[in-house]
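Accompanying notes for the structure given below.
The values are calculated or read from the model by the stated rules, or taken from the named source; none is laboratory data. Values in this document were obtained by computation on a predicted structure and should not be read as measured data. Here the Cβ positions follow ideal geometry from the backbone for every residue, glycine too, while neighbour counts run over all protein chains shown. We work out accessible area using only protein heavy atoms, side chains counted, and drop any ligands, DNA or RNA first. Shrake-Rupley method; radii C 1.70, N 1.55, O 1.52, S 1.80 Å.
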Amino acid sequence: DAGITQSPRHKVTETGTPVTLRCHQTENHRYMYWYRQDPGHGLRLIHYSYGVKDTDKGEVSDGYSVSRSKTEDFLLTLESATSSQTSVYFCAISRELQGNTEAFFGQGTRLTVV
Amino acid sequence: GENVEQHPSTLSVQEGDSAVIKCTYSDSASNYFPWYKQELGKGPQLIIDIRSNVGEKKDQRIAVTLNKTAKHFSLHITETQPEDSAVYFCAARHRGTASKLTFGTGTRLQVTL
């Protein structure tokens, strides 16, 4: 599992409330990513980080913000949750393996916005 | 940006038969193509990958082929077993893009007895 822990694993929240998802890694990897998974869309990149306080947008970043104040933690925040943000969210890291860079995923957080 | 298309969306095979999943990509600058297997309630797990300087790669019952000219790559699973039943995703990574992956929409593989 590349030492990735996502929390919470499940959350139900009301429309308009703020929500923060946490990704914690134990292997000191530089790159971390947040993806969302929806039927018919595969996984789509929301935001990614290439170091402490260094983040950038992915293809579906609207309505989301991220922060990375420590190497091991990458937080995803929905400032005001909407029903369209009901999804399964996956955190990932890139790991150097035999000279190649490969991505490994956490177990996911299922978020329901009602 | 990169666009990855994956077919079929569902695939049912009998145990022992082979399964083939195909993907196409749009950006000729992509140079890394991983395949992920996702079981119910779990995160995607990397099962095999191929880089643009290689045409084929095998790992036991799994193989991946890449045709750079046609911009397509395929996953081949031989002698399928019930535990191969899962959703499979292909992905592509553009050279120099901080390892960001663009995923296909997934193939649900069902291996029947």
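A few points about this structure:
- Phi angles across the stretch B:42-48 convert, under the Karplus curve 6.51 cos²θ - 1.76 cosθ + 1.60 with θ = phi - 60°, into 3J(HN,Hα) values of 10, x, x, 10, 5, 10, 6 Hz, Gly and Pro given as x.
- Accessible surface, chain A, averaged per residue in Å² (probe 1.4 Å): 47
- D_trans [Stokes-Einstein, Kirkwood Rh over alpha-carbon pairs] for the protein assembly as shown, 25 °C, 0.890 mPa s, µm² s⁻¹: 136
- The modelled label-to-label distance for the pair A:Ser83/B:Asp59, using points 7 Å beyond Cα in the direction of Cβ, is 4.1 nm.
- Proximal lysines to B:Lys22, defined as alpha-carbon separation beneath 24 angstrom and excluding residues fewer than eight positions away on the same chain: B:Lys37, B:Lys42, B:Lys57, B:Lys58, B:Lys68, B:Lys71, B:Lys100
- Only protein atoms count toward the accessible area here, which uses a 1.4 Å probe; on the protein assembly as shown, the carbon and sulfur part of that area reaches 46 percent.
- What the Cα convex hull of chain A gives, in volume per residue, is 96 Å³.
- Annotation for the A:B interface, with buried accessible surface near 1600 Å², both sides summed [1.4 Å probe; non-protein components not counted].
- Residues of the stretch B:39-68 buried by at least 30 Å² of accessible area upon assembly of all protein chains, compared with the chain on its own (1.4 Å probe): B:Gly43, B:Pro44, B:Leu46, B:Arg51.
- At 1.002 mPa s and 20 °C, Stokes D of the stretch B:70-113 from Kirkwood alpha-carbon radius, µm² per second: 171
- For chain B, the Cβ-based charge dipole about the Cα centre amounts to some 460 debye (Lys, Arg positive; Asp, Glu negative; other atoms uncharged).
- Placed amide H near B:Ser85: partners under 5 Å, 5+ positions off or other chain: B:Val111
- Residue-normalised accessible area of chain B, given per residue in Å² at a 1.4 Å probe: 49
- Kirkwood Rh (inverse of mean 1/r, distinct Cα pairs), the stretch B:4-113, angstrom: 14.0
- Rounded FRET efficiency, nearest 0.05, which uses the C-beta distance separating B:Ser18 from B:Lys68 and R0 of 30 Å: 0.80
- Among B:Ala92, B:Gly55, B:Asn31 - extreme Cα towards positive end, dipole of the stretch B:27-97, charges at beta-carbon: B:Asn31
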